[in-house]
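Here the structure comes first, spelled out in structure tokens, and everything after it is commentary.
The values are calculated or read from the model by the stated rules, or taken from the named source; none is laboratory data. The shown structure was predicted, so the numbers you read here are calculated from the model rather than taken from an experiment. All Cβ positions, even for glycine, are placed from backbone atoms using ideal geometry, and neighbour counts span all protein chains on display.
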Amino acid sequence: MSQDGKSSTALSGQTAGFITIAVGFAILISSYVTDNPWLIIPVVLIEVGFYGLVMGAFAGLRGERAPPGGFRWGTDPAYTMFWGSLLVLIGALWLVNDIWPNNIPALAASFLIWIGIAVMILSKKGATKTRVW
């Protein structure tokens, strides 16, 4: 069930299937590449984040999914790409911190730079859909 009260089973089923596959790959990667089982989490974040980026980038190919004259939540490509890229960034920063520990200032600076770039891109005119309350 989506936030607007209407069911979108096709996308929900596709997303659930992809997340299941992503968790399976993450278990394989964390088991065979390293002995640290906690690395399942950043690998899943990166995989699901890239899924969000792809879904946002190709949202126009899916067609208009909003009801006539309305806005359906979760179909805004900028929203999907923002959260997808945030998941990729958090997963990548987690892996970088695991490889090179004790570099919190550099990780914090990277996160702030990403937030600044995202705000600049999303604040451009036409970057997001206008919501009428």
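Count of the stretch 14-63 residues, restricted to those that are more than 26 Å from ASN97 (Cβ to Cβ) and part of a loop (DSSP other than H, G, I, E, B), is 2. Scanning the stretch 90-120 for residues that are out of contact with any Pro (no Cβ under 6 Å at 6 or more places or on another chain), closer than 15 Å to ILE40 by Cα and of a type in the set (A, V, I, L, M) yields ILE90, ALA92, LEU93, VAL96, ILE99. Taking every residue in the stretch 13-32 that is within 17 Å of VAL54 (Cβ to Cβ) and free of Cβ contacts under 8 Å to residues at least 60 places away in the same chain and pairing it with any residue that is surrounded by 12 or more Cβ atoms within 10 Å (Cβ to Cβ) and among the hydroxyl-bearing types (Ser, Thr, Tyr), at least 6 positions away or on another chain, the pairs with Cβ-Cβ distances below 6 Å are PHE18/TYR51. Taken together, ILE90, ILE29, ILE46 contain a single residue that is out of contact with any Phe, Trp or Tyr (no Cβ under 7 Å at 6 or more places or on another chain), among the β-branched types (Val, Ile, Thr), surrounded by 14 or more Cβ atoms within 10 Å (Cβ to Cβ) and modelled with pLDDT under 90, which is ILE29.
The condition of being at pLDDT below 75, surrounded by 12 or more Cβ atoms within 10 Å (Cβ to Cβ) and in a helix (DSSP H, G or I) holds for LEU11.
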